[in-house]
Structure formats: C-alpha cells, structure tokens
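Inspection log for the structure reproduced underneath, given as structure tokens.
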Amino acid sequence: MRNTTHAAMASQTGGFTLLELLVVLVIIGILASYIGPKLMGHPEEARRTKAVLQIKALETALKTYRLDNGFYPSTDQGLQALVEAPASGKIPPRWRAGGYLEKRAVPVDPWGAPYVYLSPGVHGDFDLSSLGADGEPGGEDAARDIHNWQID
C-alpha cells in the first residue's frame, strides 16, 4: 500500500495543470501588452543616436582634412572628398592617401539618405545635417532634423 500512496503523490506534484499554464500565459500576455509599446519607441531613438555619432565622426574627418590641406571641401566636392581626392574645384595639396574615413565610404544616415553638407556653412565653417525620418527639412519628433551645430 505504501508504494501506491507514493505513486499517487508523485503524479499529483509532477507537473503543471492546464489551468496553471493558462494563468501563466495570461500574465505574460498582460505584461507584454504593457511593456511592448514602450520598447517599440527605442529603434527610432537608436537611429537618432547613430546619426549624431556619424555626424561627429564626419566632423572629425572634415577637421582632419582641413588640418592637412588648409581648407574644407567645397559644397560641390561634398563629403565624397573625404574618400576620393577631388579632381575639380580647389584641389587639396596634401590629400591623405586612403582618405579620411575608416571604411573608405561616406555613410548615409540611419534612414538611408545622404547627409546634407554645406561649406562654407551658415552656422559655422560647414553645416552637416540629417533630415531625419521623413527626409524633409524641418519636422518634429522622429522627423526632426539633426544638425552638427546643435550637437554638444
């Protein structure tokens, strides 16, 4: 009889009932519905942070270009002057072999658009901007432009 009682106890405590599993799934569903929308906003924040970091890296490359050559690339030469020696306009006398960008390519912003470069700039020696998620000047929230003169 003792073996039968032990077997009965083992079967009662050996696993979860269907009801217990359903309760756990409902709790997980409630948590996911509360937390999920909060996490969905983070990809856009990550894109904006990446754009800021890329602008800072481009600024550093442009400043190094100026240190080597005495001037910034013109608007017409654009950021491409950081990866290929300009063949027109003011030719840089000491353009660095291999260029000024580590990957030897001008990055596009996190939304897939080229950065807007203006030299001489309206706000400084040069202006460098991403037009944000909408690709249009201006905008609010995720569509807000990111400018080098506004980055700390």
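The values are calculated or read from the model by the stated rules, or taken from the named source; none is laboratory data. Just so we're clear, the structure is a prediction, and the values are computed from it rather than from any experiment. Methodologically, a virtual Cβ is constructed for each residue, glycine included, from the backbone with ideal geometry; neighbour enumeration extends over all protein chains shown.
Side notes on the structure shown:
- Residue identified as within 25 Å of GLY70 (Cα to Cα) and either free of Cβ contacts under 8 Å to residues at least 24 places away in the same chain or of a type outside the set (Ser, Thr, Tyr) (or both) among GLY135, GLY139, GLY124: GLY124
- Residue check for LEU67: at pLDDT 95 or above, loosely packed, with under 13 Cβ neighbours inside 10 Å and over 21 Å from SER129 (Cα atoms): yes
- Set side by side, the residues LEU21, LEU53 differ, and just one is surrounded by 11 or more Cβ atoms within 10 Å (Cβ to Cβ) and at pLDDT below 90, which is LEU21.
- Search result, residues across segment 70-89 that are surrounded by 14 or more Cβ atoms within 10 Å (Cβ to Cβ) and not hydrophobic (A, V, I, L, M, F, W, C): TYR72, PRO73, SER74, THR75, GLN77, GLY78, GLN80, PRO86
- Check on ALA46, within 30 Å of SER129 (Cα to Cα), among the hydrophobic types (A, V, I, L, M, F, W, C) and modelled with pLDDT of 60 or more: yes
- When segment 121-152 is filtered for residues that are among the hydrophobic types (A, V, I, L, M, F, W, C) and either at positive phi or outside any loop (DSSP other than H, G, I, E, B) (or both), the ones remaining, listed by number, are LEU128, ALA142, ALA143, ILE146, TRP149.
- Residues considered: ASP152, ASP134, ASP145, ASP141. Of these, the only one that is of a type in the set (Asp, Glu) and in contact with a strand residue (DSSP E or B) (Cβ under 8 Å, 6 or more places away or on another chain) is ASP145.
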